[in-house]
Ligand code: UDP
Ligand code: MN
C-alpha cells in the first residue's frame with residue numbers, strides 16, 4: 001500500500017527549511033501518491049515548523065548529529081560532514097515500509113512516484129565520482145538495524161557526499177538557490193557575484209525561485 005510510503009527530506013535550520021519548502025511544493029505540483037515527511041532538528045524555529053506543516057504531512061524532530069557527537073579522526077578532518085550525517089536518522093522512520101530521501105537542495109521536475117518501484121538501496125551515480133552514488137536522492141527501507149550499522153560505519157570510516165538526475169535537480173555545492181538574489185519583475189535570478197554556470201542551471205534556479213515566490217511566500221500570510 002502507498003500510505004506506508006513517503007518522500008523524506010531534512011532541514012536542520014530555518015535556511016534549509018526554505019529549500020525543503022520549495023522541494024515539498026515542487027513534489028505537490030506533480031500530485032505525489034505518497035506522504036511528504038520532513039525531518040527537523042531542535043534548531044528549527046516555531047514559525048518555520050508552522051509553515052512546514054502546511055506543506056508536509058508529517059514533521060519529525062530528530063537530534064542533530066554533528067562532529068562533536070562522534071570523536072573520530074575522520075570527523076576531526078572533515079567537521080562539516082557532521083550535519084549531513086543527520087540524514088541517517090531517516091532510517092528510523094519504521095512506520096513507513098519504503099521511502100525516497102531527497103536533499104533539501106533538490107527540485108522535482110515531474111512526478112517521481114516510480115522511484116518507489118525500486119528496491120533498497122537505489123541512488124544515481126555521482127557525476128564527479130561515477131563509481132560512487134549521489135546521496136542527494138535515494139530509495140531506502142527504514143530499519144533500526146540498518147540505522148545502527150550506518151551510524152557505526154560513518155563513525156569508523158567517515159563519509160563523503162556527492163550528484164544529479166533527469167527528473168530531480170540537485171543544487172549541490174556551497175551556493176544554494178536561496179543564496180542568489182531574485183528579481184520578481186524579470187522572473188530571474190540576478191547574475192551577480194556567483195553567476196549560474198550554465199543556461200540549464202539558470203533555468204532550474206529560476207524555477208526554484210518561481211516556486212518560492214508563488215507557492216512558499218504566500219504561506220507566510
Ligand atoms: N542539511 C541541513 N542543514 C545543513 C546542511 C545540510 O539540513 O546545515 C541537509 C539538507 O537536507 C541538505 C543535505 O543535508 O540538502 C545535504 O547537504 P547539502 O545539500 O548542503 O550538501 P551537497 O548536496 O551540496 O553536498
Ligand atoms: Mn544537496
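For region 1-27, enumerate the residues that are surrounded by fewer than 23 Cβ atoms within 10 Å (Cβ to Cβ), without any contact (Cβ under 8 Å) to a residue 60 or more places away in the chain and part of a helix (DSSP H, G or I). Of everything in region 1-27, those that are surrounded by fewer than 23 Cβ atoms within 10 Å (Cβ to Cβ), without any contact (Cβ under 8 Å) to a residue 60 or more places away in the chain and part of a helix (DSSP H, G or I) turn out to be 3, 14.
Check whether at least one residue in region 33-54 is touching a residue at least 40 places away in the same chain (Cβ under 8 Å), touching a helix residue (DSSP H, G or I) at 6+ places or on another chain (Cβ under 9 Å), part of a loop (DSSP other than H, G, I, E, B) and farther than 23 Å from residue 88 by Cβ, and report yes or no. Yes - at least one qualifying residue is present in region 33-54.
Take the conditions at pLDDT 95 or above, touching a strand residue (DSSP E or B) at 6+ places or on another chain (Cβ under 9 Å) and away from ligand 2 (no atom under 13 Å from the Cβ) and apply them to residue 146. Does it pass?
When the stated conditions are applied, residue 146 does not pass them.
In region 199-212 there is no residue matching the filter, namely being buried (at least 18 other Cβ atoms within 10 Å of the Cβ), at pLDDT 85 or above and assigned to a loop (DSSP other than H, G, I, E, B). Identify the residue in region 120-149 that is within 16 Å of residue 8 (Cα to Cα) and part of a loop (DSSP other than H, G, I, E, B) and, among all such residues, is farthest from the chain's Cα centre (by Cα). Residue satisfying both the conditions and the ranking: 143. Filtering region 79-136 to residues that are free of Cβ contacts under 8 Å to residues at least 24 places away in the same chain and buried (at least 18 other Cβ atoms within 10 Å of the Cβ) leaves 82, 123.
The values are calculated or read from the model by the stated rules, or taken from the named source; none is laboratory data. Values in this document were obtained by computation on a predicted structure and should not be read as measured data. In this analysis, Cβ positions are derived from the backbone assuming ideal geometry, glycine residues included, and neighbour counts consider all displayed protein chains.
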